[in-house]
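Enquirer: Handing you a structure now.
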Amino acid sequence: MTDSTTRAPAVTEPGTTRGTPRARVVLASTAGIFVESLDWSVYGLAAPYFATQIFPGADQTAARLGAYAVFAAGFVARPLGSFLMGRVTDVRGRRTGLTVSVALIAVGSLLIAAAPTYAVAGLGAAGLVLVARLLQGIAMGGEVATAATYVVEVAPPDRRHRYGAFAYSGDAFGTLGATIVLAVLLAAMGTSGVENGGWRIAFVVAGLCGVLAFWIRRGVPESEVFTRAKEAGHEPAWPLVREHAPRMALAFALTIGSTIGVYFGSIYLPQFAAHSGRLTESEATGQQTIALVALILAMITSGFLADRFGPLALIRVGFTAAAVLTLPLMLGFLAGAVPYVVAAPAFTICIGLQLGVTPVAGARLFPVPIRAVALGIPAALAISLFGGTFLFVAEWLVSRGHIGLVAGYVTLGLTISAVGSWLVSYRLLYSVDTLAGTAAGSSVEQPTD
(Lines give C-alpha, C1' and ligand atoms only; values in the text may rest on other atoms or scores of the structure.)
Protein backbone atom coordinates (compact mmCIF):
# COMPACT_ATOMS: atom_id res chain seq x y z
CA MET A 1 0.00 0.00 0.00
CA THR A 2 1.13 3.55 -0.64
CA ASP A 3 1.25 6.00 2.23
CA SER A 4 -1.29 8.77 1.70
CA THR A 5 -1.29 9.65 5.37
CA THR A 6 -1.86 13.23 6.44
CA ARG A 7 -0.29 13.88 9.83
CA ALA A 8 -1.30 16.26 12.57
CA PRO A 9 1.34 18.61 13.96
CA ALA A 10 3.79 16.88 16.24
CA VAL A 11 3.30 17.17 19.97
CA THR A 12 5.55 16.46 22.89
CA GLU A 13 3.90 13.11 23.57
CA PRO A 14 1.91 11.92 20.53
CA GLY A 15 -1.48 10.50 21.28
CA THR A 16 -1.80 12.04 24.71
CA THR A 17 -3.69 14.95 26.19
CA ARG A 18 -1.19 17.12 28.00
CA GLY A 19 -1.93 17.89 31.62
CA THR A 20 -4.42 15.04 31.99
CA PRO A 21 -3.91 13.28 35.35
CA ARG A 22 -3.30 9.64 34.54
CA ALA A 23 -5.69 8.44 37.24
CA ARG A 24 -8.56 10.39 35.63
CA VAL A 25 -8.03 8.68 32.27
CA VAL A 26 -8.08 5.23 33.85
CA LEU A 27 -10.97 6.07 36.20
CA ALA A 28 -13.17 7.59 33.50
CA SER A 29 -12.67 4.68 31.12
CA THR A 30 -12.97 1.95 33.75
CA ALA A 31 -15.97 3.49 35.55
CA GLY A 32 -18.05 3.63 32.39
CA ILE A 33 -17.26 0.10 31.27
CA PHE A 34 -17.86 -1.20 34.81
CA VAL A 35 -21.25 0.53 35.02
CA GLU A 36 -22.38 -0.58 31.59
CA SER A 37 -21.41 -4.19 32.36
CA LEU A 38 -23.09 -3.93 35.78
CA ASP A 39 -26.33 -2.56 34.35
CA TRP A 40 -26.34 -5.01 31.47
CA SER A 41 -25.68 -8.01 33.75
CA VAL A 42 -28.18 -7.00 36.42
CA TYR A 43 -31.01 -7.47 33.93
CA GLY A 44 -29.88 -10.96 32.92
CA LEU A 45 -29.40 -12.08 36.54
CA ALA A 46 -32.58 -10.46 37.93
CA ALA A 47 -34.89 -11.43 35.04
CA PRO A 48 -36.13 -14.67 36.68
CA TYR A 49 -37.21 -12.66 39.74
CA PHE A 50 -39.13 -9.83 38.05
CA ALA A 51 -40.46 -11.64 34.96
CA THR A 52 -43.88 -12.54 36.40
CA GLN A 53 -44.42 -8.97 37.65
CA ILE A 54 -43.65 -7.25 34.35
CA PHE A 55 -44.42 -9.69 31.53
CA PRO A 56 -47.62 -11.48 30.56
CA GLY A 57 -47.84 -15.24 30.61
CA ALA A 58 -49.97 -18.09 31.85
CA ASP A 59 -47.06 -19.41 33.91
CA GLN A 60 -43.59 -18.48 35.12
CA THR A 61 -41.91 -20.03 32.08
CA ALA A 62 -43.87 -17.89 29.63
CA ALA A 63 -43.11 -14.72 31.60
CA ARG A 64 -39.40 -15.58 31.68
CA LEU A 65 -39.39 -16.10 27.94
CA GLY A 66 -40.79 -12.59 27.56
CA ALA A 67 -38.07 -11.22 29.82
CA TYR A 68 -35.34 -13.00 27.87
CA ALA A 69 -36.81 -11.87 24.55
CA VAL A 70 -36.44 -8.27 25.73
CA PHE A 71 -32.89 -9.08 26.86
CA ALA A 72 -32.16 -10.25 23.31
CA ALA A 73 -33.68 -7.04 21.92
CA GLY A 74 -30.86 -5.16 23.60
CA PHE A 75 -28.39 -7.06 21.43
CA VAL A 76 -30.39 -6.22 18.31
CA ALA A 77 -30.01 -2.54 19.16
CA ARG A 78 -26.23 -2.74 19.58
CA PRO A 79 -25.27 -2.44 15.87
CA LEU A 80 -27.53 0.62 15.60
CA GLY A 81 -25.86 1.95 18.74
CA SER A 82 -22.41 1.42 17.29
CA PHE A 83 -23.36 3.59 14.32
CA LEU A 84 -25.12 6.31 16.33
CA MET A 85 -22.57 6.45 19.14
CA GLY A 86 -19.69 6.17 16.68
CA ARG A 87 -21.01 9.17 14.78
CA VAL A 88 -21.46 11.14 18.01
CA THR A 89 -17.91 10.28 19.09
CA ASP A 90 -16.32 11.06 15.72
CA VAL A 91 -18.30 14.27 15.13
CA ARG A 92 -19.01 15.73 18.58
CA GLY A 93 -15.98 14.43 20.45
CA ARG A 94 -14.65 11.54 22.52
CA ARG A 95 -15.83 13.00 25.82
CA THR A 96 -19.33 13.51 24.45
CA GLY A 97 -19.46 9.87 23.34
CA LEU A 98 -18.27 8.70 26.75
CA THR A 99 -20.89 10.70 28.65
CA VAL A 100 -23.83 10.00 26.35
CA SER A 101 -23.28 6.24 26.41
CA VAL A 102 -23.10 5.99 30.19
CA ALA A 103 -26.07 8.36 30.59
CA LEU A 104 -28.26 6.20 28.34
CA ILE A 105 -27.55 3.00 30.22
CA ALA A 106 -28.15 4.69 33.59
CA VAL A 107 -31.49 6.06 32.37
CA GLY A 108 -32.39 2.57 31.17
CA SER A 109 -31.77 1.03 34.60
CA LEU A 110 -33.74 3.72 36.41
CA LEU A 111 -36.67 3.28 33.99
CA ILE A 112 -36.74 -0.46 34.72
CA ALA A 113 -36.54 0.22 38.47
CA ALA A 114 -39.60 2.47 38.19
CA ALA A 115 -41.56 0.33 35.72
CA PRO A 116 -45.17 -0.43 36.72
CA THR A 117 -46.25 -4.03 37.07
CA TYR A 118 -48.26 -5.91 34.46
CA ALA A 119 -51.22 -5.89 36.86
CA VAL A 120 -51.18 -2.07 36.84
CA ALA A 121 -50.20 -1.16 33.26
CA GLY A 122 -50.73 -4.33 31.24
CA LEU A 123 -48.48 -4.58 28.19
CA GLY A 124 -47.34 -1.03 28.87
CA ALA A 125 -45.08 -2.41 31.62
CA ALA A 126 -43.28 -4.71 29.22
CA GLY A 127 -43.19 -1.92 26.63
CA LEU A 128 -41.41 0.45 29.02
CA VAL A 129 -38.83 -2.21 29.90
CA LEU A 130 -38.32 -2.85 26.18
CA VAL A 131 -37.64 0.86 25.57
CA ALA A 132 -35.18 0.87 28.47
CA ARG A 133 -33.33 -2.15 27.10
CA LEU A 134 -33.16 -0.62 23.62
CA LEU A 135 -31.58 2.50 25.13
CA GLN A 136 -29.08 0.29 26.96
CA GLY A 137 -28.36 -1.65 23.77
CA ILE A 138 -27.61 1.58 21.93
CA ALA A 139 -25.28 2.63 24.75
CA MET A 140 -23.48 -0.72 24.85
CA GLY A 141 -23.13 -0.73 21.07
CA GLY A 142 -20.90 2.33 21.24
CA GLU A 143 -19.05 1.78 24.51
CA VAL A 144 -16.28 -0.58 23.35
CA ALA A 145 -15.17 1.60 20.46
CA THR A 146 -15.68 4.90 22.29
CA ALA A 147 -13.64 3.89 25.33
CA ALA A 148 -10.93 2.29 23.17
CA THR A 149 -10.71 5.44 21.03
CA TYR A 150 -10.35 7.67 24.08
CA VAL A 151 -7.69 5.49 25.73
CA VAL A 152 -5.69 5.24 22.49
CA GLU A 153 -5.67 8.99 21.98
CA VAL A 154 -5.20 10.18 25.57
CA ALA A 155 -3.00 7.62 27.34
CA PRO A 156 0.79 8.01 27.35
CA PRO A 157 2.26 5.82 24.57
CA ASP A 158 4.35 3.74 26.98
CA ARG A 159 1.27 3.01 29.16
CA ARG A 160 -1.44 2.83 26.52
CA HIS A 161 -2.18 -0.88 26.79
CA ARG A 162 -2.12 -1.10 30.57
CA TYR A 163 -4.59 1.81 30.66
CA GLY A 164 -6.76 -0.10 28.20
CA ALA A 165 -6.43 -3.32 30.19
CA PHE A 166 -7.52 -1.62 33.41
CA ALA A 167 -10.44 -0.03 31.57
CA TYR A 168 -11.68 -3.26 30.01
CA SER A 169 -11.22 -5.20 33.23
CA GLY A 170 -14.20 -3.09 34.29
CA ASP A 171 -16.34 -5.44 32.20
CA ALA A 172 -15.41 -8.42 34.38
CA PHE A 173 -15.75 -6.31 37.54
CA GLY A 174 -19.22 -5.26 36.39
CA THR A 175 -20.36 -8.87 35.96
CA LEU A 176 -18.93 -9.71 39.36
CA GLY A 177 -20.58 -6.62 40.87
CA ALA A 178 -24.00 -7.58 39.50
CA THR A 179 -23.60 -11.07 40.96
CA ILE A 180 -22.72 -9.59 44.37
CA VAL A 181 -25.65 -7.14 44.34
CA LEU A 182 -28.14 -9.92 43.64
CA ALA A 183 -26.51 -12.26 46.18
CA VAL A 184 -26.78 -9.57 48.88
CA LEU A 185 -30.44 -8.96 48.08
CA LEU A 186 -31.24 -12.66 48.18
CA ALA A 187 -29.42 -13.05 51.50
CA ALA A 188 -31.17 -10.03 53.01
CA MET A 189 -34.68 -10.42 51.57
CA GLY A 190 -34.98 -14.04 50.48
CA THR A 191 -36.26 -15.21 47.11
CA SER A 192 -39.85 -14.08 47.77
CA GLY A 193 -38.71 -10.63 48.88
CA VAL A 194 -36.65 -10.13 45.73
CA GLU A 195 -39.54 -11.34 43.57
CA ASN A 196 -42.01 -9.00 45.32
CA GLY A 197 -40.15 -5.81 44.50
CA GLY A 198 -36.67 -6.25 45.93
CA TRP A 199 -35.32 -6.65 42.39
CA ARG A 200 -35.97 -2.94 41.87
CA ILE A 201 -33.18 -2.15 44.34
CA ALA A 202 -30.66 -3.84 42.03
CA PHE A 203 -31.65 -1.54 39.16
CA VAL A 204 -31.58 1.53 41.43
CA VAL A 205 -28.03 0.62 42.51
CA ALA A 206 -27.00 0.13 38.88
CA GLY A 207 -28.63 3.40 37.81
CA LEU A 208 -27.01 5.41 40.60
CA CYS A 209 -23.62 3.94 39.72
CA GLY A 210 -24.31 5.16 36.19
CA VAL A 211 -25.00 8.67 37.45
CA LEU A 212 -21.67 8.61 39.30
CA ALA A 213 -19.84 7.40 36.18
CA PHE A 214 -21.51 10.18 34.16
CA TRP A 215 -20.19 12.74 36.63
CA ILE A 216 -16.68 11.25 36.45
CA ARG A 217 -16.65 11.22 32.66
CA ARG A 218 -17.93 14.78 32.39
CA GLY A 219 -14.78 15.95 34.16
CA VAL A 220 -12.25 14.49 31.72
CA PRO A 221 -10.70 16.64 28.98
CA GLU A 222 -11.29 16.16 25.30
CA SER A 223 -8.69 14.23 23.30
CA GLU A 224 -6.17 16.68 21.80
CA VAL A 225 -5.82 14.32 18.82
CA PHE A 226 -9.54 14.75 18.08
CA THR A 227 -9.41 18.51 18.70
CA ARG A 228 -6.56 18.96 16.24
CA ALA A 229 -8.38 16.87 13.65
CA LYS A 230 -11.47 19.09 13.98
CA GLU A 231 -9.38 22.23 13.70
CA ALA A 232 -7.73 20.85 10.57
CA GLY A 233 -11.18 20.32 9.04
CA HIS A 234 -11.09 16.52 8.96
CA GLU A 235 -14.63 15.15 9.36
CA PRO A 236 -15.90 11.55 9.17
CA ALA A 237 -16.42 10.58 5.51
CA TRP A 238 -18.11 7.44 4.21
CA PRO A 239 -15.60 7.01 1.37
CA LEU A 240 -12.94 6.76 4.08
CA VAL A 241 -15.03 4.15 5.92
CA ARG A 242 -15.46 2.10 2.74
CA GLU A 243 -11.73 2.38 2.10
CA HIS A 244 -11.16 0.67 5.43
CA ALA A 245 -13.65 -2.18 4.91
CA PRO A 246 -10.90 -4.86 4.94
CA ARG A 247 -9.71 -3.58 8.30
CA MET A 248 -13.29 -3.61 9.59
CA ALA A 249 -13.46 -7.26 8.54
CA LEU A 250 -10.38 -7.93 10.66
CA ALA A 251 -11.99 -6.14 13.63
CA PHE A 252 -15.09 -8.31 13.12
CA ALA A 253 -12.99 -11.49 13.10
CA LEU A 254 -11.12 -10.50 16.25
CA THR A 255 -14.35 -9.75 18.10
CA ILE A 256 -15.95 -13.14 17.34
CA GLY A 257 -13.56 -15.05 19.59
CA SER A 258 -13.57 -12.34 22.25
CA THR A 259 -17.35 -12.24 22.65
CA ILE A 260 -17.83 -16.02 22.52
CA GLY A 261 -14.98 -16.45 24.98
CA VAL A 262 -16.44 -13.91 27.40
CA TYR A 263 -19.97 -15.35 27.37
CA PHE A 264 -18.70 -18.89 27.71
CA GLY A 265 -15.99 -18.17 30.27
CA SER A 266 -17.70 -15.66 32.53
CA ILE A 267 -21.40 -16.55 32.24
CA TYR A 268 -22.13 -19.99 30.80
CA LEU A 269 -19.42 -22.17 32.34
CA PRO A 270 -21.37 -22.89 35.58
CA GLN A 271 -24.34 -24.11 33.51
CA PHE A 272 -21.97 -26.12 31.32
CA ALA A 273 -20.62 -27.78 34.46
CA ALA A 274 -24.12 -28.45 35.79
CA HIS A 275 -25.21 -30.03 32.49
CA SER A 276 -22.18 -32.31 32.64
CA GLY A 277 -23.32 -33.81 35.92
CA ARG A 278 -19.85 -33.36 37.40
CA LEU A 279 -20.94 -30.44 39.61
CA THR A 280 -24.16 -28.79 40.66
CA GLU A 281 -24.71 -25.28 39.30
CA SER A 282 -24.31 -23.81 42.80
CA GLU A 283 -20.98 -25.61 43.25
CA ALA A 284 -19.76 -24.43 39.87
CA THR A 285 -20.97 -20.88 40.54
CA GLY A 286 -18.99 -20.84 43.79
CA GLN A 287 -15.83 -21.98 42.01
CA GLN A 288 -16.50 -19.57 39.15
CA THR A 289 -15.27 -16.70 41.32
CA ILE A 290 -11.76 -18.09 40.90
CA ALA A 291 -12.18 -18.03 37.11
CA LEU A 292 -13.41 -14.42 37.17
CA VAL A 293 -10.50 -13.31 39.36
CA ALA A 294 -8.10 -15.12 37.00
CA LEU A 295 -9.73 -13.32 34.05
CA ILE A 296 -9.25 -9.90 35.67
CA LEU A 297 -5.64 -10.58 36.65
CA ALA A 298 -4.82 -11.89 33.17
CA MET A 299 -6.35 -8.79 31.56
CA ILE A 300 -4.38 -6.37 33.75
CA THR A 301 -1.14 -8.33 33.38
CA SER A 302 -1.56 -8.41 29.61
CA GLY A 303 -1.67 -4.62 29.50
CA PHE A 304 1.74 -4.32 31.16
CA LEU A 305 3.16 -7.03 28.92
CA ALA A 306 1.74 -5.39 25.79
CA ASP A 307 3.45 -2.11 26.69
CA ARG A 308 6.72 -4.03 26.93
CA PHE A 309 6.47 -6.54 24.06
CA GLY A 310 3.78 -5.04 21.81
CA PRO A 311 0.01 -5.70 21.70
CA LEU A 312 0.01 -8.21 18.85
CA ALA A 313 2.17 -10.65 20.80
CA LEU A 314 -0.46 -10.82 23.57
CA ILE A 315 -3.40 -10.94 21.14
CA ARG A 316 -1.85 -13.77 19.14
CA VAL A 317 -0.78 -15.77 22.19
CA GLY A 318 -4.16 -15.33 23.90
CA PHE A 319 -6.31 -16.34 20.93
CA THR A 320 -4.02 -19.14 19.79
CA ALA A 321 -3.68 -20.64 23.27
CA ALA A 322 -7.45 -20.48 23.79
CA ALA A 323 -8.14 -22.06 20.39
CA VAL A 324 -5.69 -24.90 21.09
CA LEU A 325 -6.57 -25.57 24.74
CA THR A 326 -10.37 -25.20 24.87
CA LEU A 327 -11.25 -28.67 23.58
CA PRO A 328 -8.70 -30.56 25.74
CA LEU A 329 -9.69 -28.60 28.83
CA MET A 330 -13.46 -28.93 28.42
CA LEU A 331 -13.53 -32.49 27.10
CA GLY A 332 -11.13 -33.39 29.89
CA PHE A 333 -13.55 -31.86 32.39
CA LEU A 334 -16.49 -33.74 30.89
CA ALA A 335 -14.50 -36.97 31.18
CA GLY A 336 -13.58 -36.25 34.78
CA ALA A 337 -9.86 -35.92 34.03
CA VAL A 338 -9.60 -32.14 34.57
CA PRO A 339 -11.18 -30.50 37.66
CA TYR A 340 -13.45 -27.52 37.05
CA VAL A 341 -11.28 -25.40 39.34
CA VAL A 342 -8.44 -25.98 36.84
CA ALA A 343 -10.32 -25.94 33.54
CA ALA A 344 -12.31 -22.74 34.13
CA PRO A 345 -9.42 -20.46 35.25
CA ALA A 346 -7.11 -21.86 32.56
CA PHE A 347 -9.68 -20.90 29.93
CA THR A 348 -10.33 -17.42 31.31
CA ILE A 349 -6.59 -16.71 31.57
CA CYS A 350 -6.22 -17.41 27.84
CA ILE A 351 -9.19 -15.15 27.09
CA GLY A 352 -7.89 -12.45 29.41
CA LEU A 353 -4.48 -12.27 27.73
CA GLN A 354 -6.06 -10.68 24.68
CA LEU A 355 -9.30 -9.21 26.02
CA GLY A 356 -7.83 -6.10 27.60
CA VAL A 357 -5.50 -5.41 24.67
CA THR A 358 -7.54 -6.16 21.53
CA PRO A 359 -9.90 -3.12 21.59
CA VAL A 360 -7.04 -0.64 22.05
CA ALA A 361 -4.97 -2.21 19.27
CA GLY A 362 -8.11 -2.48 17.12
CA ALA A 363 -8.73 1.26 17.41
CA ARG A 364 -5.39 1.88 15.71
CA LEU A 365 -6.57 0.05 12.61
CA PHE A 366 -8.43 3.28 11.72
CA PRO A 367 -7.52 6.96 11.36
CA VAL A 368 -8.83 9.64 13.72
CA PRO A 369 -11.93 10.87 11.78
CA ILE A 370 -13.57 7.41 11.58
CA ARG A 371 -11.93 5.62 14.50
CA ALA A 372 -15.00 5.14 16.69
CA VAL A 373 -17.56 4.28 14.00
CA ALA A 374 -15.24 2.03 11.94
CA LEU A 375 -14.29 -0.01 15.01
CA GLY A 376 -17.73 0.11 16.61
CA ILE A 377 -19.82 -1.25 13.74
CA PRO A 378 -17.94 -4.55 13.18
CA ALA A 379 -17.45 -5.07 16.91
CA ALA A 380 -21.16 -4.57 17.67
CA LEU A 381 -22.21 -6.84 14.78
CA ALA A 382 -19.95 -9.62 16.01
CA ILE A 383 -21.18 -9.23 19.59
CA SER A 384 -24.82 -9.30 18.47
CA LEU A 385 -24.42 -12.27 16.12
CA PHE A 386 -22.17 -14.42 18.27
CA GLY A 387 -22.28 -13.09 21.84
CA GLY A 388 -26.00 -12.37 21.93
CA THR A 389 -26.88 -15.79 20.53
CA PHE A 390 -24.29 -17.82 22.42
CA LEU A 391 -26.46 -18.84 25.39
CA PHE A 392 -29.23 -19.97 23.03
CA VAL A 393 -26.87 -21.94 20.79
CA ALA A 394 -25.17 -23.59 23.78
CA GLU A 395 -28.46 -24.59 25.41
CA TRP A 396 -29.80 -25.90 22.10
CA LEU A 397 -26.72 -28.09 21.62
CA VAL A 398 -27.03 -29.41 25.17
CA SER A 399 -30.75 -30.11 24.69
CA ARG A 400 -29.85 -32.21 21.65
CA GLY A 401 -27.40 -34.24 23.70
CA HIS A 402 -24.27 -32.63 22.22
CA ILE A 403 -22.65 -30.91 25.18
CA GLY A 404 -19.20 -31.59 23.74
CA LEU A 405 -20.11 -29.53 20.66
CA VAL A 406 -20.45 -26.46 22.89
CA ALA A 407 -16.69 -26.61 23.41
CA GLY A 408 -16.30 -27.22 19.68
CA TYR A 409 -18.36 -24.14 18.84
CA VAL A 410 -16.27 -22.03 21.21
CA THR A 411 -13.10 -23.41 19.64
CA LEU A 412 -14.35 -22.52 16.16
CA GLY A 413 -14.96 -18.89 17.14
CA LEU A 414 -11.57 -18.64 18.84
CA THR A 415 -9.85 -20.17 15.81
CA ILE A 416 -11.37 -17.51 13.53
CA SER A 417 -9.99 -14.81 15.84
CA ALA A 418 -6.62 -16.55 16.14
CA VAL A 419 -6.27 -16.55 12.35
CA GLY A 420 -7.33 -12.90 12.27
CA SER A 421 -4.74 -11.99 14.89
CA TRP A 422 -1.96 -13.36 12.68
CA LEU A 423 -3.29 -11.38 9.71
CA VAL A 424 -2.90 -8.11 11.63
CA SER A 425 0.62 -6.70 11.48
CA TYR A 426 2.16 -3.58 12.94
CA ARG A 427 2.26 -2.17 9.42
CA LEU A 428 -1.55 -2.01 9.59
CA LEU A 429 -1.64 -0.05 12.85
CA TYR A 430 -1.88 3.69 12.31
CA SER A 431 0.04 6.20 14.34
CA VAL A 432 -2.41 7.59 16.90
CA ASP A 433 -2.64 11.02 15.26
CA THR A 434 -3.10 9.81 11.66
CA LEU A 435 -5.94 11.73 10.02
CA ALA A 436 -6.47 9.96 6.70
CA GLY A 437 -4.99 7.39 4.33
CA THR A 438 -4.79 3.67 3.91
CA ALA A 439 -1.24 3.02 5.07
CA ALA A 440 -0.09 2.89 8.66
CA GLY A 441 1.92 5.66 10.15
CA SER A 442 4.89 3.40 10.81
CA SER A 443 6.42 0.68 8.69
CA VAL A 444 8.18 -1.36 11.35
CA GLU A 445 6.90 -3.34 14.28
CA GLN A 446 6.99 -1.29 17.46
CA PRO A 447 5.82 -2.25 20.94
CA THR A 448 4.26 1.14 21.75
CA ASP A 449 3.47 3.74 19.10
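Enquirer: For helix 245-262, what angle does its Cα long axis make with the longest principal axis of the chain, in degrees from 0 to 90 and rounded to 10?
Expert: 30
Enquirer: Taking the 0 to 90 degree range and rounding to the nearest ten, how far is the long axis of helix 340-355 tilted relative to the main principal axis of the chain, both from C-alpha atoms?
Expert: 30
Enquirer: Size of the chain along its principal axes in angstrom, Cα-based, largest extent first?
Expert: Projected onto the principal axes, the Cα atoms of the chain cover 64, 51, 36 Å.
Enquirer: Using θ = phi - 60° and the Karplus form 6.51 cos²θ - 1.76 cosθ + 1.60, what ³J(HN,Hα) does each residue of the range 278-284 get, whole Hz, x for Gly and Pro?
Expert: Along the range 278-284, the couplings run 7, 9, 7, 5, 5, 5, 5 Hz.
Enquirer: Sorted by accessible area (1.4 Å probe), largest first, how do 364, 162 line up? Each step should come with its number before you reach the end.
Expert: Values: 364 5, 162 60 Å².
So, going from the largest accessible area down, we get 162, 364.
Enquirer: Ok, one more. Need one word for the range 202-275: rounded, prolate or oblate. Basis is the Cα gyration tensor (sqrt eigenvalues a ≥ b ≥ c); a/c below 1.5 gives rounded, then a/b vs b/c decides. Walk me through the numbers before you get to the answer.
Expert: Details: a/c = 4.07, a/b = 1.32, b/c = 3.08.
It is oblate, given that a/c is not under 1.5 and a/b is not larger than b/c.
Enquirer: Using modelled backbone amide H atoms (1.01 Å from N, in-plane), which distant-in-sequence or interchain residues come within less than 5 Å of residue 434's amide H?
Expert: Close amide H contacts, sequence-distant or interchain: 368.
Enquirer: Let me ask something else about it. Can you order the peptides 223-232, 262-271 by their average number of other Cβ atoms within 10 Å per residue, highest first?
Expert: Values: 223-232: 19.8, 262-271: 22.0.
The most tightly packed comes first, giving 262-271, 223-232.
Enquirer: In degrees between 0 and 90, to the nearest 10, how far off the longest principal axis of the chain does helix 94-113 point, with axes built from Cα atoms?
Expert: 10
Enquirer: Determine how large the accessible area of residue 90 is when every protein chain is in place; take a 1.4 Å probe and give Å² rounded to the nearest 10.
Expert: My reading of the accessible area for residue 90 is about 10 Å².
Enquirer: Within the range 216-304, what whole-number % of the accessible surface is contributed by carbon and sulfur, with the 1.4 Å probe and all protein chains included in the calculation?
Expert: On the way: 2210 of 3590 Å².
Within the range 216-304, the accessible surface is 62 percent carbon and sulfur.
Enquirer: Can I ask one more? Using the basic label-point model (7 angstrom from Cα toward the beta carbon), what is the residue 188 to residue 158 distance in nanometres?
Expert: 4.6
Enquirer: How much accessible area per residue does the chain have, counting only protein heavy atoms and a probe of 1.4 Å, in square angstrom?
Expert: Numbers: 16720 Å² over 449 residues.
On a per-residue basis, 37 Å².
Enquirer: Roughly how many Å² of residue 68 are accessible to a 1.4 Å probe, to the nearest 10?
Expert: 100
Enquirer: Which of rounded, prolate or oblate describes the range 191-337 when judged by the alpha-carbon gyration tensor and an a/c cut-off of 1.5?
Expert: Oblate.
Enquirer: Assuming R0 = 30 Å, can you tell me the calculated FRET efficiency for the pair residue 117 and residue 399, based on Cβ-Cβ distance, to the nearest 0.05? Walk me through the intermediate numbers first.
Expert: Working: r = 32 Å, r/R0 = 1.06.
My answer for the efficiency is 0.40.
The values are calculated or read from the model by the stated rules, or taken from the named source; none is laboratory data. The structure displayed is predicted, hence computed values, not measured ones. Positions of Cβ are generated from backbone atoms using ideal geometry, with glycine treated the same way; all protein chains shown enter the neighbour counts. Please note that ligands, DNA and RNA were not included when accessible areas were found on the heavy atoms of the full protein model with its side chains. Shrake-Rupley method; radii C 1.70, N 1.55, O 1.52, S 1.80 Å.
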